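Data first, discussion second: the structure below is written as structure tokens.
Where a number appears in this text, it was derived from the coordinates with a stated rule and is not lab data. Just so we're clear, the structure is a prediction, and the values are computed from it rather than from any experiment. In this analysis, Cβ positions are derived from the backbone assuming ideal geometry, glycine residues included, and neighbour counts consider all displayed protein chains.
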Amino acid sequence: MILDWYARRVVELNLTFHLLNNFPIPRPDVDNDPVARRIVKISGRLAAVDDRFADWAEKVGVGVGTANDPAVKQDLIHELDACVAHLYDLDEDDLAVVYETFHAKTDYSERHKAVLAHFRHWEPIKQEYEQSREAGQLHESEHPRLHESDHPQMHPPDHPQ
């Protein structure tokens, strides 16, 4: 939703490669950034809807059809929006602007609320990663929280997996 919001501010009628090439696209360190790795997992789960994607899903490390339940799918989309907002270094005020101005005739307040719950869950994890990166310490043994496998509960307590 973040990039879509940005695009709506730049594109009037037609999206051209000239415009698209100038969009701000984060380039995260997928090997070390826990938020970037979570984006890969969420995207994989959302994309691997049936057995046609079995080989690809295995390479990404996700199960096939694990996001087919509408409630699970919606929660993953909310978490994806939150994680992407972290990649863009947005804060809660920035998210409010995105959801309040995305489309004038649609109320995104419930979606905003759901995204904020995930955003707040990932905030300390992202901060810890940033501090470790700045200190030049990204080794698993020194920073065990940087690895998703050490987080069995990846969602806020009131959100289903």
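For the range 49-142, trypsin sites (Lys or Arg not before Pro) meeting the loop criterion (DSSP other than H, G, I, E, B) and having at most 11 other Cβ atoms within 10 Å: K105. Put a dot 7 Å past the Cα of D50, heading toward its Cβ, do the same for A104, and the two dots end up 4.1 nm apart. Of the residues V98, L20, L76, the one whose Cα sits farthest toward the positive end of the charge dipole of the range 2-150, with +1 on the Cβ of Lys and Arg and -1 on the Cβ of Asp and Glu, is L20. Normalised Debye scattering of the range 2-150 at q = 0.09, 0.20 Å⁻¹ gives log10 I(q)/I(0) of -0.34, -1.32, counting only Cα atoms as equal scatterers and leaving out solvent.
Summarising the label geometry, the points placed 7 Å from Cα in the beta-carbon direction at K113 and W5 lie 1.8 nm from one another.
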